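What follows is a short report on a single structure.
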Ligand code: HEM
Ligand code: HEM
């Protein structure tokens, strides 16, 4: 009797979890985008912008993001080590515990229990849950890698190991707190030290959640899905080690023009500039891999996803360093420019790469073609258009805001009131809602296509039984 292997069921379980959290997080994103131009859409304190914005970021990062990343890591590690998962039952238990932790996190954020540190908002009991989950996950992944049957360590494994070690380090250090009550704690670091540690964490958690794991996938799935070998293994390893060396030093670029000592800001900015090189090492490697046959962009739907994804990564890693420069930061910091940057990375690079990898995995697991390539193309274009519209709208209004805030009368007083700037944002914020809606429709098309592929696969299995 034919049925899916245990390992494949585990991978799917993580995908399902991620997708459920993804739908919740995206719909909340749409709601908060409306709340920004119509306050009537705030429904009591629990469903007000202040609470929901944090639910949006956390549920998408730790729910949609981390669950799908964990599922894809299991899939990649099993194949690159040429052995089954070391503790399959533990992977199932980890999945359930993690779902409970994310649910607890979401509920407590709705209740307003919040550490007031961006991307580290969960209060300490939820943090403990996250740490337990990460230890269980790490034991399984690292254990499988250590006991591997394949001696060669392909570059994706290095990215996976880096993700595991760095997230543990970042999460534990920045969440060290003095506990006051069950629902309230205070950052162990005070004042400026608190800000410095928080942004060391804040920058790197984005990197080790939205860059390293996605590069692990990119290096694995691009050659697998195109059948073209990666252009240069050596370049991939050099990019990896230089990225690891440079990344951790750049957090201070979030604190330009703050009381943080000037030399620390400058150090952060210098490393931020250097970061372009290792980032583009991977971009070039991706392009050169497809270089022998660019026609695949037309003929093979997944190539399009991966190449568009790495292009967004390339743009993101040029825009990011430019934002670190003092003159640019003075204009764009605190404005909508930054959400424009954020969503190009998340909705572009991360989402395109992860969804392409999930199409590939589900069709491999079931040994069937995906339900509809046409729908996959529709999904691609909706996500692309929604994303580009979102970011361009935010960049325009961001620059507009920055310039308005800095415009002075001849006597040195402000030319515009804060309200002038705010009201001017409304049309752009409305356009963001439209772009977000387009993106979400694209994601729903993906969801449908993904589920229908599973239905197709289950039918194929049943007919072989
Ligand atoms: C996978 C997709 C997405 C991810 C991972 C994501 C992640 C994030 C993150 C990290 C932030 C914080 C940005 C900052 O502090 O600068 C944010 C803010 C926000 N996101 Fe998303 N987002 C996604 C999709 C969406 C969509 C589809 C919408 C719908 C319009 C949306 C609307 C918003 C809004 C309105 C904010 C608040 C901006 C502000 O406070 O000025 N997001 N999102
Ligand atoms: C070379 C790579 C990158 C560099 C140097 C960089 C740099 C920066 C800088 C300087 C800011 C602060 C902007 C400001 O507030 O004035 C920022 C914000 C942000 N970036 Fe990037 N970025 C890079 C790549 C990425 C990627 C690939 C992603 C996601 C996929 C990303 C996500 C974010 C997020 C979420 C924030 C908002 C942080 C907040 O809440 O304030 N960045 N980035």
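Straightening the chain between residue 224 and residue 263 buys 9.5 nm, computed as 0.36 nm per residue apart minus the Cα-Cα spacing.
With a simple spin-label model that places each label point 7 Å from the Cα along the Cα-to-Cβ direction, the separation between residue 118 and residue 338 comes to 0.3 nm. I need the fraction of alpha carbon pairs in the stretch 1-56 separated by more than 19 Å, rounded to a whole percent. Of all Cα-Cα pairs in the stretch 1-56, 46 percent lie more than 19 Å apart. A straight line joining the Cα centroids of the stretch 138-165 and the stretch 74-115 runs 17 Å. Stretching residue 399 away from residue 30 to a fully extended chain increases their span by 130.6 nm, per 0.36 nm per residue minus the current alpha-carbon distance. Radius of gyration over Kirkwood radius for the stretch 264-398, both on Cα atoms: the Rg/Rh ratio is 1.05. For the pair the stretch 397-465 and the stretch 1-35, the centres of their Cα atoms are 20 angstrom apart.
With N the number of residues in the stretch 221-321, Rg(Cα) / (2.2 N^0.38 Å) evaluates to 1.31.
Between residue 437 and residue 47, the simple spin-label model (points 7 angstrom out along Cα→Cβ) gives 1.8 nm.
Hey, quick one: spin label on residue 392, modelled 7 Å out along Cα-Cβ, who in the stretch 431-465 has an amide N within reach, i.e. under 19 Å? Counting backbone N atoms under 19 Å from the label point, the list is 431-442.
log10 I(q)/I(0), Debye, Cα-only the stretch 336-462, no solvent, q = 0.11, 0.13, 0.16, 0.17 Å⁻¹? Result of the Debye calculation: -0.52, -0.63, -0.79, -0.85. Computing FRET efficiency as 1/(1 + (r/R0)^6) for residue 180 and residue 110, where r is the C-beta to C-beta distance and R0 is 25 Å, gives about 0.75. Is the stretch 178-272 rounded, prolate or oblate when judged by the Cα gyration tensor, a ≥ b ≥ c being the square roots of its eigenvalues, rounded requiring a/c under 1.5 and prolate requiring a/b larger than b/c? Here the stretch 178-272 falls in the oblate category. Fully extending the segment from residue 39 to residue 194, taken as 0.36 nm per residue of separation minus the present Cα-Cα distance, adds 52.5 nm. Size estimate for the stretch 132-199 follows the Kirkwood approach: the inverse of mean 1/r over distinct Cα pairs works out to 14.4 Å. In plain terms, if you count all Cα to Cα distances in the chain and split them into 20 Å steps from zero, the share in each step is 23, 60, 16, 1, 0 percent. With the convex hull constructed from alpha-carbon coordinates only, the stretch 38-181 shows a mean projected area of 9.9 nm² over all directions.
So what does the Cα-only Debye profile of the stretch 163-221 read at q = 0.12, 0.13, 0.24 Å⁻¹, as log10 I(q)/I(0), no solvent term? So the normalised log intensities are -0.38, -0.43, -0.94. Sorting the segments 36-49, 136-149 by their residues' average number of neighbouring beta-carbon atoms within 10 angstrom, most packed first, yields 136-149, 36-49. Over the chain, Cα pairs under 8 Å with separation of 6+ residues give a relative contact order of 15 percent. Projected label points at residue 420 and residue 103, each 7 Å from Cα along the beta carbon direction, are separated by 5.2 nanometres. The largest-to-smallest principal axis extents of the Cα set in the stretch 88-149 are 48, 20, 13 Å.
Bear in mind that the values in this text are calculations on the coordinates, not laboratory data. Note that this is a predicted model, so its numbers are computed, not measured. Glycine also receives a Cβ, built like all others from the backbone with ideal geometry; neighbour counts cover every protein chain displayed.
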